[in-house]
1. Whenever you get a sec, compute what percent of the accessible area on the chain sits on carbon and sulfur atoms (1.4 Å probe).
2. Would you mind putting 44-56, 283-295 in packing order, based on average other-beta-carbon counts within 10 Å, highest first?
3. Cα centroids of segment 298-315 and segment 157-182: how far apart, whole angstrom?
4. Roughly how tilted is helix 23-33, in degrees to the nearest 10 and between 0 and 90, from the longest Cα axis of the chain?
5. At a 10 angstrom cut-off on C-beta neighbours, averaged per residue, how do the peptides 339-347, 110-118, 171-179, 58-66 rank from highest to lowest?
6. Per-residue HN-Hα couplings for segment 324-329, Karplus 6.51 cos²θ - 1.76 cosθ + 1.60 at θ = phi - 60°, whole Hz, x for Gly and Pro?
7. What's the ranking of 247-254, 199-206 by average number of surrounding C-beta atoms within 10 Å, highest first?
8. How big is the dipole moment of the chain about its Cα centre under a simple scheme where the beta carbon of each Lys and Arg is +1, that of each Asp and Glu is -1, and everything else is neutral? Debye, nearest 20, please.
Amino acid sequence: MRKEQKDFLKALVENPSPSGYETPVSEVWRKRMKKYADSVYSDLHGNSIAVIKHDKRPRVMLAGHCDEIGLMVNWIDENGYIFFRPVGGVDRHQLPGSRVKIWTKKGPILGVIGRKAIHFQEEEERNKVSKFEQMWIDIGAKDKKEAEKFVEIGDVITVDAGFLELSTGMFVGRGFDDRAGAYVVGEALIALSKEKSKVKAGVYAVATVQEEIGLRGATTSTYHINPDIGIAVDLTFASDHPDVNKRLLGDVKMGGGPVVSRGANINPKLFELIVDTAKKKKIPIQISASPRGTGTDANIMQLTRGGVATALISIPNRYMHSSIEMVHPDDLDNTVKLIVEVVKRIRSREEFII
């Protein structure tokens, strides 16, 4: 991974993007795409779209959602303590004691998530996960009036965790799900823009929004673009760490390459093209069984309008929906390379009719 690519990924991870509040990350994504795409634009929903060869057919859509899970200010009590609700699938186990940032109109406000000290908890309390209404954010305000000088109802909140590179080369950070996917589709479009003579299709890279609360951005952007072929890029569960049942998840390794889904959500001819391309280009891949619709943008892409020939390529990830998600840079690089090589082989819509 080149430095400029790592800087792009870091900027995506370190900016906030809870579902419905993706603007900071979207602006980072669009700024990089403008240097390479024929056109870059956003829509009424907030999706960011970068295009090369828009006048060509078939249309290929690459989708990676740029939103993350988070929290939202729900109530401020008389003592200035801030209560919150989840945005997406937040793990309550991990919240007490966390440092957080509240993203206000005036900029980020630092705070901590408090909970009754263990010394004062009954045995039953110690063994239970706190409910959201049993936790609060403390910004050090003396009362409600002071807190309201900084914070408003509806402000979003993220855990204060940024991008880190471990000594082993692994990347750790908050919300790689799925800013890593938005990174991949963007970098794939950049690579394709440098080989336009080999690209016969119109290519639309999309940083979709609001995936974590119901695949909403993919719904509107796919309808608008009306692609013939769609490739969604998301994260999937690595199963190479303790307490994971491979009988349920299969064998997915960090650094083992992109994970290509196979099943009802996936066009079988597009799947075979991806696998054949990986073999010919010597790109390592892993196969994942997906017997029903996936919980990703691929699900809604496949079912839009008259149907889209859809694939799902995923990046192995440890500790999903936590502030310490982990990805392997080789998996990111190989996912970009695989998508680029696949798109260069696409010639017509008809080759994917089953």
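The values are calculated or read from the model by the stated rules, or taken from the named source; none is laboratory data. All of these numbers come straight from a predicted model, not from anything done at the bench. Don't worry about glycine lacking a Cβ; one is built from the backbone with ideal geometry, like all the others, and counts go over all protein chains shown. Surface areas here come from the heavy atoms of the whole protein model, side chains and all, with no ligands, DNA or RNA. Shrake-Rupley method; radii C 1.70, N 1.55, O 1.52, S 1.80 Å.
1. Of all accessible area on the chain, carbon and sulfur atoms account for 50 percent.
2. The most tightly packed comes first, giving 44-56, 283-295.
3. Value for the Cα centre distance between the two parts: 26 Å.
4. Approximately 30 degrees, to the nearest ten.
5. For the peptides 339-347, 110-118, 171-179, 58-66, the packing ranking is 58-66, 171-179, 339-347, 110-118.
6. 10, 4, 10, 9, 9, x
7. Going by the mean number of other Cβ atoms within 10 Å, highest first, we get 199-206, 247-254.
8. So the magnitude is around 1560 debye.
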